[in-house]
1. Do we have Glu64 as modelled with pLDDT of 95 or more, surrounded by 14 or more Cβ atoms within 10 Å (Cβ to Cβ) and more than 18 Å from Glu95 (Cα to Cα) here?
2. Of the residues Tyr40, Tyr15, Tyr6, which is of a type in the set (Ser, Thr, Tyr) and in contact with a Phe, Trp or Tyr (Cβ under 6 Å, 6 or more places away or on another chain)?
3. Given the options Asn86, Asn79, name the one that is of a type in the set (S, T, N, Q), in contact (Cβ under 8 Å) with a residue 12 or more places away in the chain, under 21 Å from Asn202 (Cβ atoms) and in a helix (DSSP H, G or I).
4. Might you check whether a residue that is of a type outside the set (Val, Ile, Thr), surrounded by fewer than 13 Cβ atoms within 10 Å (Cβ to Cβ) and over 16 Å from Val194 (Cβ atoms) occurs anywhere in region 118-132?
5. For region 143-181, which positions are within 13 Å of the ligand (Cβ to nearest atom) and in a helix (DSSP H, G or I)?
6. If a residue must be more than 16 Å from the ligand (Cβ to nearest atom), among the β-branched types (Val, Ile, Thr) and at pLDDT 95 or above, how many such residues does region 82-110 contain?
7. Could you tell me which of the residues Tyr186, Tyr136, Tyr203 is in a helix (DSSP H, G or I) and within 23 Å of His36 (Cα to Cα)?
Amino acid sequence: MENNQYPFVNLPLPYNYNALEPYIDAKTMEVHHDKHLQGYINNLNQVLKGYQGLQLLTLEQLIENADRLPKGLQAPIRNYAGGVYNHRVYFDGMEPPTDQKPRGKLMEMINSQYGSLQSFKDVFKKEAQGVFGAGYAWLVYDKGKLKILSTPNQNSPIEQGFCPIFNIDVWEHAYYLKHLNERGDYIDDWFNVVNWDMANQNYLNCIRRYY
Ligand SMILES: [Fe+2]
């Protein structure tokens, strides 16, 4: 991940704000990236300002070691470092809609574990819809297998040692302007802008890292 250490900056999106239309609207993308993610970056830098030792850690290391930090730092690091990491996974995991069918090793694994892409989407959607309040649904790699899970707030599955392949942000700020309270419609729309090549690359990196 680029810019992986203090001071953190808000890297530009890899596409235009309106690139995910009509599935995710430009205004939502702009506010989500420029206001929400920027807020997490500012807060994380603010917390790290007084801790030179922690400034040497990568974003992932901050999250993975959150439970070993002094008590007063655990929640801010989990929330702000998690907020930066989770949003970067989310924004990098999307691309302008394309007709190209998902392919590669990840798709083979999805087919073998879930039967078909559609069955996988059904399970993933159920998980994302089931997040109570704010959080994320994730596809992660764990011990040779794919796993679908969700995390509350800005908690991140890398804290438990899982290797993320992609996520969907189901905080209301990710969809409320266009989809209002219809999270299910947002999830269906989001499937049209998943960057499957990036997901496949992440999957291959996970395998390489753990075996
Ligand atoms: Fe968000």
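1. Values: modelled with pLDDT of 95 or more: yes; surrounded by 14 or more Cβ atoms within 10 Å (Cβ to Cβ): yes; more than 18 Å from Glu95 (Cα to Cα): yes.
So Glu64 fits the description; yes.
2. Details: Tyr15 fails: in contact with a Phe, Trp or Tyr (Cβ under 6 Å, 6 or more places away or on another chain); Tyr6 fails: in contact with a Phe, Trp or Tyr (Cβ under 6 Å, 6 or more places away or on another chain).
Matching residue, one of Tyr40, Tyr15, Tyr6: Tyr40.
3. Working: Asn79 fails: under 21 Å from Asn202 (Cβ atoms).
Only one candidate passes the filter, namely Asn86.
4. yes
5. Scanning region 143-181 gives Glu172, His173, Ala174, Tyr176, Leu177.
6. Kept after step one, since they are more than 16 Å from the ligand (Cβ to nearest atom), are these residues of region 82-110: 95-110.
Imposing the further condition that a residue be among the β-branched types (Val, Ile, Thr) reduces the set to 98, 110.
Checking which are at pLDDT 95 or above leaves us with 110.
Total satisfying the criteria: 1.
7. On the way: Tyr136 fails: in a helix (DSSP H, G or I); Tyr203 fails: within 23 Å of His36 (Cα to Cα).
Exactly one of Tyr186, Tyr136, Tyr203 is in a helix (DSSP H, G or I) and within 23 Å of His36 (Cα to Cα), namely Tyr186.
The values are calculated or read from the model by the stated rules, or taken from the named source; none is laboratory data. Source: prediction; values computed, not measured. Positions of Cβ are generated from backbone atoms using ideal geometry, with glycine treated the same way; all protein chains shown enter the neighbour counts.
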